[in-house]
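Input: a single structure, listed below in structure tokens.
Please treat every number below as a calculation from the coordinates, not as lab data. Every value quoted in this text rests on a predicted model; they were computed, and no experiment measured them. So basically every Cβ, Gly included, is an ideal-geometry build from the backbone, and we count neighbours across all protein chains shown.
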Amino acid sequence: MASFTAEHRAQFSDTDAAGIVHFSTIFFWVEATEEALFRHLKLPFLKAEGSKLTGFPRVRVECDYLSPIHREEVVTVSLTPQELGDKKIVWGFEAHVGDRAVAEGALTTVYAWREGQGPMAAALVPLDIKTALQKHFGV
């Protein structure tokens, strides 16, 4: 199955006291890659219509860290859909510095909406979004 990739350079602010990229940074890069995918496909990542807000909040994430990442290294993050469901998307991700695998995991998002400051409620992924993702990934 096809994947979508984006590159991210490890900055000083991404590192911990040991000079290694902080574990949480990989999640920022995965999310930035997901947003880049939506931008590439000209799909709304987050949509506001009046007081109604729709998008894909994160409900689960897991990651195995395979090798440290240091400042100035370029990390390539690849996203591959593991599930394109009616209400959720599960993204598998891999991160590499060159040929060296540095992390792998999964991110689960649920399509949801809210009115004003009300509670979030799950909804069906809009057909145009689901179809565009299926077409892009050959699912």
- Note on the structure: Projecting the Cα atoms of Ala18, Val61, Ala48 onto the charge dipole of the range 1-68, where Lys and Arg contribute +1 and Asp and Glu -1 at Cβ, the residue farthest towards the positive end is Ala48
- How do 72-85, 26-39 rank on mean C-beta neighbours within 10 Å, highest first? 26-39, 72-85
- Item | Which label in (i) 17.6; (ii) 14.9; (iii) 15.9 gives the computed Kirkwood radius over Cα pairs in Å | (iii)
- Message: Straight-line reach from Lys135: which lysines fall under 24 Å, measuring Cα to Cα and dropping same-chain residues less than 8 apart?
- Response: Lys42, Lys47, Lys87, Lys88
- Query: So how tilted is helix 25-40 from the main axis of the chain? Cα-based, degrees 0 to 90, rounded to 10.
  - Reply: 50
